[in-house]
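Bear in mind that the values in this text are calculations on the coordinates, not laboratory data. Source: prediction; values computed, not measured. Quick reminder, even Gly has a Cβ in these numbers, built from the backbone with ideal geometry, and neighbours come from all protein chains shown.
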Amino acid sequence: MFNRRAVRYNSLFTETSPMPKPHSSDLLQFTAKGIWCPRADIFIDPWKPVKKAMITHGHSDHSRYGSESYLTTTTAGPAIKYRLGNINLQTINFGEKININGVNFSFHPAGHILGSAQIRVEYKGEVWVASGDYKLENDGLAEPFEPIKCDTFITESTFGLPVYDWKPQEEIFANINNWWKRNSDAGKVTFITGYSLGKAQRILQGLDSSIGSIYTHGAVENINEVMRAQGVSLPPTIRVTKEIPIKDYHKNLILAPPSALNSSWMKKFKPISIGIASGWMTLRGARRRKAVDKGFVLSDHVDWKDLNRVVSETEASKVIVTHGYTAVYSKYLNDQGIEAVAAKTEFTGESIDSDESEK
């Protein structure tokens, strides 16, 4: 089976083509199109169309339409295919190695969302890891994070400040369910928002369905259907439709994407109580800024302590810091004696202002 798969990958990713000249000796380089491996002529999570793209996960800042061919993990593939449509997509299992022009690539769990991966790149004993987005807490849905030793580690820093310190998700879900129960007793419709791919399904797994029925916005339910079709077990949900009388939603919960916040669509379900699940709810004023009733600190990214734990476990001698508190965190690492630089990318991390970053 491995050989058949290797042939398929080689035909897609190793065909002979003119190769741009490397502008430095780095195994991975940051270019105007994305993170590039010159020797293999392949990009990781490119933000502009390229010939060959390796994709860490399906969020829209890492997985973009327009490239000629894509390679991702087996479990990330269905959602990426659904979101990007008619693309040339191949998949690979976690830990399986492919060799492109002498460079070994493999995908390893990132724990961010279902199928999310870190990409390990090795050439002549030198190892780089592009981590994409990641978290350490096992949410029971995403494949648990796997630390990888490397020489150079490319890391996000979305929540790269000591103020970001996540509590166990069981505590957060208990707060969400208590809030829903109070709303239900008051005859209100409970709205909670989370990005349609990943965060929404994580929230769904933590909801107490004994309180009432769980309804879903179409964007969320579409992803639920994709995941169920690939064998993922999710709690029962009901798609919100205009055929269902508004009174039927009272005392129940609607799971929606951030784009629905304070929309005319949402307001027609009154009386309502609105909550948002995001790491940004750590910050004073974030809930007020988004005009919601409750903010729950729940993120699919590492907090400060886990970010530092991962950097330590990689034993990397150099760290490249992307999206987030890049300047602050790279300075912190340098002060700790770890060589670190900040790199500009088009990755957004979990953005309080963006409905399309899908984190």
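So the values come out like this:
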{"item": "Rg/Rh ratio calculated on Cα atoms of the stretch 109-202 (Kirkwood radius)", "result": "1.12"}
{"item": "Ranked 265, 128, criterion: other C-beta atoms within 10 Å, fewest first", "result": "265, 128"}
{"item": "Amide H contacts of residue 96 (H built 1.01 Å from N, under 5 Å, at least 5 apart or other chain)", "result": "107"}
{"item": "Vicinal HN-Hα couplings computed from phi for the stretch 204-213 (Karplus, 6.51 cos²θ - 1.76 cosθ + 1.60; Hz; Gly/Pro x)", "result": "4, 5, x, 7, 8, 6, 6, 6, x, 7"}
{"item": "Footprinting exposure proxy for 281, 266 (fewest neighbouring C-beta atoms within 10 Å first)", "result": "266, 281"}
{"item": "Spin-label pair residue 225/residue 175, simplified geometry with 7 Å Cα→Cβ offset, distance in nm", "result": "3.4"}
{"item": "For the stretch 169-296, the fraction of alpha-carbon pairs in successive 10 Å shells from zero, as %", "result": "13, 48, 34, 5, 0"}
{"item": "Simple label model, 7 Å out from Cα along Cβ direction - residue 293 to residue 99, nm", "result": "6.1"}
{"item": "From phi via Karplus (6.51, -1.76, 1.60), per-residue ³J(HN,Hα) for the stretch 97-112 in Hz, x at Gly/Pro", "result": "9, 10, 10, 10, 6, x, 9, 8, 10, 8, 9, 9, x, 9, x, 6"}
{"item": "The stretch 43-78: chymotrypsin sites (Phe, Trp or Tyr not before Pro) in DSSP loop, at most 15 other beta carbons within 10 Å", "result": "65"}
{"item": "Lysine pairs with alpha-carbon atoms under 16 Å apart, the stretch 169-296, spacing 8 or more or separate chains", "result": "18"}
{"item": "Positive-pole candidate from 176, 261, 279, dipole of the stretch 169-296, charges at beta carbon", "result": "261"}
{"item": "For 310, 220, order by how many other beta-carbon atoms lie within 10 Å, fewest first", "result": "310, 220"}
{"item": "Intensity falloff of the stretch 21-84 expressed as log10 I(q)/I(0), Debye formula with alpha-carbon point scatterers, at q = 0.15, 0.22, 0.28, 0.29 Å⁻¹", "result": "-0.43, -0.83, -1.20, -1.27"}
{"item": "Distant-in-sequence amide H partners of residue 238 (H built 1.01 Å from N, under 5 Å)", "result": "214, 215, 216"}
{"item": "Amide proton proximity set for residue 189, modelled H, under 5 Å, gap of 5+", "result": "251, 272, 273"}
{"item": "Shape box of the chain [Cα atoms, principal axes, largest first, Å]", "result": "65, 47, 31"}
{"item": "The stretch 169-296: relative contact order as a whole-number percent, Cα under 8 Å and 6+ apart", "result": "35"}
{"item": "Selection of trypsin sites (Lys or Arg not before Pro), the stretch 120-151, meeting DSSP coil and at most 11 other Cβ within 10 Å", "result": "124"}
{"item": "Calculated FRET efficiency for the pair residue 233/residue 48, C-beta based, R₀ 35 Å, to 0.05", "result": "0.40"}
